[in-house]
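Working notes, structure below.
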Amino acid sequence: MEPIVNVPENTDQLPSSLPSDVSDENDSVTIKMKIKLFLCNHWRGLICFLVPLLLIPVHFTIPTEKYQWCAYTLVLMALFWVTECIPLPITSIIPIIIFPLSGVMNTTTTCKCYMNDTIVMFLGSMFLAYAVEQSGLHKRLALCAVRTIGYSHYKLLFAMSFITMFISMWITNTAAATMMVPINFALLQVFEEQNILKIYEIGPDGENIASDITTCYFCASTFSATIGGIGTLVGTATNLVFKGLFNKMYPDAPEYLSFPKFSAFAIPLMLILEILMYLNMLIVYLGFLRPNSVAHKSSKITPDGVEAAKKSVEQEWRKLGRITFWEIMVIILFSLAIVLFFSRSPEIFLGWGNKIVQIFNLTDRKFVLDSAAVTIVCFLMLVMPSTTQFMEYFKNKESMNQPTGPIPSVLNWNIMDETMPYSFMFLLGGGFALSEAAKKEYSDLNGKIGQILKNLSFLPNFLIILLIIIFTTFITNFASNVAVCNVIAPIAMQLAKEIGVNPLWYNIAVGFTSSFCLLLPVGTPGNLVVQSAANIPTLKMIKAGLAPSLATIIVTWILIYFWAPIIWPDLHILPPWL
């Protein structure tokens, strides 16, 4: 019989000396948990504190040279941009703090980088995009395409993809991808009601996740928006960034990146990439060229399903009604902007911008830029009426029928002002400030980088371009497109200068590929929108985007090496303006 042991009711009376192994184990687990929780919750703060300290060795001489301060700022901003430990726009204003205090550039020069022609052009392109969204014209275009092309999966996917690509040429990629979310859901819901497909399937943890066909439609939308963004200068902010960086570094260069020349190169690239992306979706998800596959058999839509889908689209089309005066005004003013862009200084005939230079005997060939054209159109959008209600003053004689309030304009400033991403101005400006400070007259960081990059001059040019494209495509899937372009483009242009080719060549290689986020959700907001809307697992998005990503690398490499020199004939030489 075991002896009875009196156990104290109050645990405080327990012996303080527990076995050492148990005590150490509990303490060890607790400490690990605390460290883990601390790192999970406060890793951004740690990066903000540690990175500036760890980069101090960049200042390896005393006194510190200006180029070292510029390099320190560049690396610090690059790490902050990639990790997003603080908001991207806040990182972008770091040059305003460091450059004046370190003697690299004065405050006035630094701050001027945050408002220039490129940034005004960005604002103008956003104004144009908001006018399209507010009028609902983009939805009419999408539904019109679906009604025209047809209702099989092949036709529907084609309509969804190519109309998203076209719209994304003129409005932001995120807006174009977001626009397609309700349209995709509406069509898929009709097919699900006919037992043709399932929008969701059960995931490993019992949750609803996007089925393969849902992944196909939604990923095709966001990928098409990304690809369409490269088609015109106003399609995405990245295009304006690499154009602005080039103009900032080489102000004496000809206007290589005019609207017509940019699109002459970009549109063939855009169309090829879109066709390959569409074919990839057909093969992987709809069984194209695989007649015995499960995907091919499940992609067939019954006649009842076609009629149901047609009925749903027609219902949405009837809700839109006849085209409104508002939409007509947007079409007219948007078309005016496109005409002004293409005819300002096309270099194939005398543009209106060239004519102004001639009339006033100006020496500056770039006296009038696209920002002037877009500002004219945006001003008209803000003052022109969106309805014909003002005509009632002349039609109706009775006072009771007279309008009683102001008439909304084509672009509603108050609505736009609530959602306008003004912070992108700082993001662009931060890159321009870095580019300006790296010049010879300020810090000559470009010259120092050039000395290092001379070691790559033994590589053939085609291989260097390929490496630039692969590296940029990889990095841009993990960080902001604009930030990646801001960091890599100036280095690539300096490399081109050291090798003896036109810096524009490597600049466009970085500029276009920094837009190609076709793998991870974090690469671009459009991917995040469709992932969250349709519950697409990350692995499914990677599967959908892997082949298109490889295609973008190969096709972009081929066109930049062979097609770009046709558009810009002096890429193979070091131009005299350098």
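Between residue 293 and residue 366, the contour length at 0.36 nm per residue exceeds the Cα-Cα span by 20.5 nm.
Annotation: peptides 365-376, 293-304, ranked by per-residue average of other Cβ atoms within 10 Å with the highest first, follow the order 365-376, 293-304.
Taking packing as the residue-averaged number of other Cβ atoms within 10 angstrom, the listed peptides 423-436, 192-205 run from highest to lowest as 423-436, 192-205.
Treating the Cα atoms of the stretch 444-523 as identical point scatterers in vacuum, please give the log10 of the normalised Debye intensity I(q)/I(0) at q = 0.22 Å⁻¹, two decimals. Debye intensities relative to I(0), on a log10 scale: -0.95.
Peptides 176-184, 437-445, 413-421 ranked from most to least packed by the mean count of surrounding Cβ atoms within 10 Å: 176-184, 437-445, 413-421. Sequence-distant contacts, meaning Cα pairs under 8 Å at least 6 residues apart, place the relative contact order of the chain at 20 percent.
The distance between label points at residue 54 and residue 339 comes to 5.7 nm (points 7 Å beyond Cα on the Cα→Cβ vector). For the chain, with all protein chains in place and a probe radius of 1.4 Å, 66% of the accessible heavy-atom surface sits on carbon or sulfur. Taking the charge dipole of the chain about its Cα centre, with +1 at Lys and Arg Cβ atoms and -1 at Asp and Glu Cβ atoms, the residue from 265, 104, 197 reaching farthest to the positive side is 265.
Magnitude of the charge dipole for the chain, about its Cα centre and with charges confined to Cβ atoms of Lys, Arg (+1) and Asp, Glu (-1), is about 1880 debye.
So, in Å, what gap is there between the alpha-carbon centers of the stretch 305-364 and the stretch 120-138? Measuring centre to centre over Cα atoms gives 11 Å. Partners of residue 300 within straight-line reach, counting lysines whose Cα lies under 16 Å from its Cα and excluding those fewer than 8 residues away in the same chain: 155, 198, 310. Annotation for residue 154 and residue 283: the two label points, set 7 Å from Cα along the Cα-Cβ direction, are 1.6 nm apart.
On full extension of the chain, what length is gained from residue 454 through residue 43, given 0.36 nm per residue of separation minus the C-alpha to C-alpha distance?
Details: separation 411, 0.36 × 411 = 147.96 nm, distance 3.75 nm.
That pair, residue 454 and residue 43, stretches by 144.2 nm at full extension.
Among (1) 24.2, 82; (2) 28.5, 116; (3) 30.9, 111, which one is Rg and Dmax of the Cα atoms in Å computed from these coordinates? So the calculated entry is the one marked (2). By the rule of a C-alpha distance below 30 Å, with chain neighbours fewer than 8 residues away ignored, the lysines paired with residue 66 are 112, 243, 248, 439, 440, 448, 454, 497. In the chain, the DSSP-assigned H stretches of four residues or longer account for a calculated mean residue ellipticity at 222 nm of -21000 deg cm²/dmol, using -39500 (n - 2.57) per stretch and the full residue count as denominator.
Annotation: amide H of residue 208 within the under-5 Å range of 203, sequence separation 5 or more or interchain, hydrogens built in the peptide plane. Between residue 62 and residue 307, the contour length at 0.36 nm per residue exceeds the Cα-Cα span by 80.5 nm.
What does the accessible area per residue of the stretch 159-203 come to in Å², with a 1.4 Å probe and no ligands, DNA or RNA counted?
On the way: 1620 Å² over 45 residues.
Ligands and nucleic acids excluded, the figure is 36 Å² per residue.
Dividing the radius of gyration of the alpha carbons in the stretch 182-313 by their Kirkwood radius gives 1.15 for Rg/Rh. Here the contact order of the stretch 247-368, divided by its residue count and restricted to Cα pairs under 8 Å and six or more residues apart, works out to 21 percent. Here the Karplus relation 6.51 cos²θ - 1.76 cosθ + 1.60, evaluated at θ = phi - 60°, turns the backbone of the stretch 299-315 into coupling constants of 8, 6, 10, 5, x, 5, x, 5, 5, 5, 5, 4, 5, 5, 5, 5, 5 Hz, with x for every Gly and Pro. Distant-in-sequence amide contacts of residue 200, defined by a placed amide H-H separation under 5 Å and a gap of 5 or more residues or a different chain, comprise 211.
Put the Cα centre of the stretch 500-578 next to the Cα centre of the stretch 436-468 and the gap is 20 Å.
Along the stretch 545-562 the Karplus relation, 6.51 cos²θ - 1.76 cosθ + 1.60 evaluated at θ = phi - 60°, assigns HN-Hα couplings of x, 5, 5, x, 5, 5, 5, 4, 5, 5, 5, 4, 4, 5, 6, 5, 7, 10 Hz to successive residues, with x for each Gly and Pro. The string of couplings for the stretch 523-528 from the Karplus curve (6.51, -1.76, 1.60, θ = phi - 60°) is x, 8, x, x, 4, 5 Hz, one whole number per residue in order, with x for Gly and Pro. Computing FRET efficiency as 1/(1 + (r/R0)^6) for residue 300 and residue 563, where r is the C-beta to C-beta distance and R0 is 51 Å, gives about 0.85. Taking a sphere under 15 Å around the Cβ of residue 423 and counting the other residues whose Cβ falls inside, with K and R at +1 and D and E at -1, yields a net charge of -3.
The values are calculated or read from the model by the stated rules, or taken from the named source; none is laboratory data. Not measured: the values here are computed from a predicted model. When we count neighbours, we look across all protein chains shown, and the Cβ atoms used for this are built from the backbone with ideal geometry, even at glycine. Only protein heavy atoms, including side chains, enter the accessible area calculation; ligands, DNA and RNA are left aside. Shrake-Rupley method; radii C 1.70, N 1.55, O 1.52, S 1.80 Å.
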